[in-house]
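The values are calculated or read from the model by the stated rules, or taken from the named source; none is laboratory data. Owing to the predicted nature of the structure, the values given are computational and were not obtained by experimental measurement. Cβ: placed from backbone, ideal geometry, glycine included. Neighbour counts: every protein chain shown. With ligands, DNA and RNA removed, areas are computed over all heavy atoms of the protein, side chains included. Shrake-Rupley method; radii C 1.70, N 1.55, O 1.52, S 1.80 Å.
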Amino acid sequence: MSAFSLKGRTALVTGGARGCGLAFAEALAEAGADVAIFDVINPDAAFGEFSKKYGVKTAHYHVDVSSPESLETGFARFKEEFGGALDICVPCAGVNKDVGILDTTPQDFDRLANINFKGVYFTTQMAAKMMIANKTKKGSIIVVASIASYRAIRGQCSSAYCATKGAVKAMVPPVAVELAPYGIRVNSVSPGYIRTEMTAAFPHIFEPWRKEIMSDRVGVPEDLRGACVFLASDASSYITSQDIVIDGGVLQW
């Protein structure tokens, strides 16, 4: 099982203060990686315990991923504190708004696109540059897409949200091709119906969702941890340009 160990590696998770991002951060820390998070909110109290619980270094930086300037500042602070050693990056920050195409405003669209796609794209770019500059030997970038890139989501995800997640998934193959010569693998994960702070704002959707899930339950952030560690580790060293769907069987049901 040593292939799954992340000891001696450094990871960065955007949107890591809560929900799925926090689950990714904890999974990486438990596997032995030092972990930093970028977020516009203060992290869940659990994040502060990771250092003591798993014996790793942790840090939180207030970063707005929709702003390249904020990202640059965050990466500069990260480099100063972690010495530029970046092996794993998980661009996870995302938002949603339950609004149909007939009511979506340009402001709604810009916010969704700027955080969900632009933020992921430029986080990936800056992470790759840091990995290349520091000659990272086993770089892994794991972008967070969604089953919303495959199908419409009942009762909660707007068409603009689905479009941004589709863009995230679509960027993976060409970016993987570009970064392969540098030893950097690029993959994505597509979570299905997951109970988080964001989806909790729509409590009426959970029962209809459950009926669509082969596993007969709505997922929780912890269901995403294994795939994250797998894609970050040597256990997946021959895997790049792929999307792993984590949905309890929704797309096949």
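Structural remarks
- For segment 202-218, backbone phi angles converted through the Karplus equation (6.51, -1.76, 1.60; θ = phi - 60°) give residue-by-residue couplings of 10, x, 5, 8, 5, 5, x, 4, 4, 5, 8, 9, 4, 6, 6, 7, 6 Hz, Gly and Pro being listed as x.
- Under 16 Å from LYS137, Cα to Cα: lysines that are on another chain or at least 8 residues apart: LYS7, LYS129
- Sum of -39500 (n - 2.57) over DSSP H runs of 4+, divided by residues of the chain (222 nm, nearest 500): -11000 deg cm²/dmol
- Magnitude of the charge dipole for the chain, about its Cα centre and with charges confined to Cβ atoms of Lys, Arg (+1) and Asp, Glu (-1), is about 500 debye.
- Pairwise FRET efficiency - SER51 versus TRP253, Cβ, R0 = 45 Å, nearest 0.05: 0.65
- Counting only Cα atoms, the size of segment 161-245 along its three principal axes is 47, 28, 22 Å, in decreasing order.
- Length-normalised contact order of the chain in % [C-alpha pairs under 8 Å, at least 6 apart]: 20 percent
- LYS97 - accessible surface, heavy atoms, 1.4 Å probe, Å² rounded to 10: 90 Å²
- Here's the list of lysines a cross-link from LYS97 could span, going by alpha-carbon distance under 22 Å and ignoring same-chain residues fewer than 8 apart: LYS118, LYS165, LYS169.
- Calculated from backbone phi, Karplus (6.51, -1.76, 1.60) coupling profile of segment 51-61 in Hz, x at Gly/Pro: 4, 6, 5, 10, x, 10, 8, 9, 7, 10, 10
- Amide H partners (placed H, <5 Å) of SER140, local residues excluded: ILE88, CYS89, ARG185
- With contacts taken as Cα pairs under 8 Å at a separation of at least 6 residues, segment 97-243 carries a relative contact order of 28 percent.
- Segment 26-86 shape via C-alpha gyration tensor axes, a/c threshold 1.5: oblate
- Residues whose placed amide H lies under 5 Å from that of ALA36, excluding near-sequence neighbours: ALA11, LEU12, VAL13, ALA59
- Using alpha-carbon coordinates, inclination of helix 159-179 to the longest axis of the chain, degrees: 30 degrees
- As a length-normalised measure over Cα pairs under 8 Å and 6 or more apart, the relative contact order of segment 1-112 settles at 28 percent.
- Residues whose placed amide H lies under 5 Å from that of ILE246, excluding near-sequence neighbours: SER190, GLY192
- Look at the dipole of the chain built from charges on Cβ: of ALA227, ALA3, TRP209, the Cα furthest out on the positive end belongs to ALA3.
- Whole-percent P(r), segment 1-51, all Cα pairs, 5 Å bins from 0: 5, 23, 34, 21, 10, 5, 1, 0.
- With a Förster radius of 35 Å applied to the C-beta separation of ALA152 and LYS7, the computed FRET efficiency comes to 0.25.
- Part-to-part distance (alpha-carbon centres) for segment 157-215 and segment 1-56, which is given in Å: 20 Å
- The equivalent ellipsoid of segment 118-211 has semi-axes of 32, 12, 11 Å, largest first, where each one is the square root of 5 times an eigenvalue of the Cα gyration tensor.
- 0 to 90° range, to nearest 10: angle between helix 68-82 axis and the chain longest Cα axis: 40 degrees
- Diffusion constant of segment 195-247 at 20 °C, which comes from Stokes-Einstein with the Kirkwood Cα-pair radius and 1.002 mPa s, µm²/s: 164 µm²/s
- Cβ-Cβ FRET estimate between ASN114 and ALA76, R0 fixed at 25 Å, reported to 0.05: 0.75
- Ratio of the Cα radius of gyration of the chain to 2.2 N^0.38 Å, where N counts its residues: 0.95
- Ellipsoid equivalent to segment 1-110 - semi-axes via the Cα gyration tensor, in Å: 28, 16, 12
- Centre separation in Å (Cα based) which lies between segment 82-136 and segment 217-245: 19 Å
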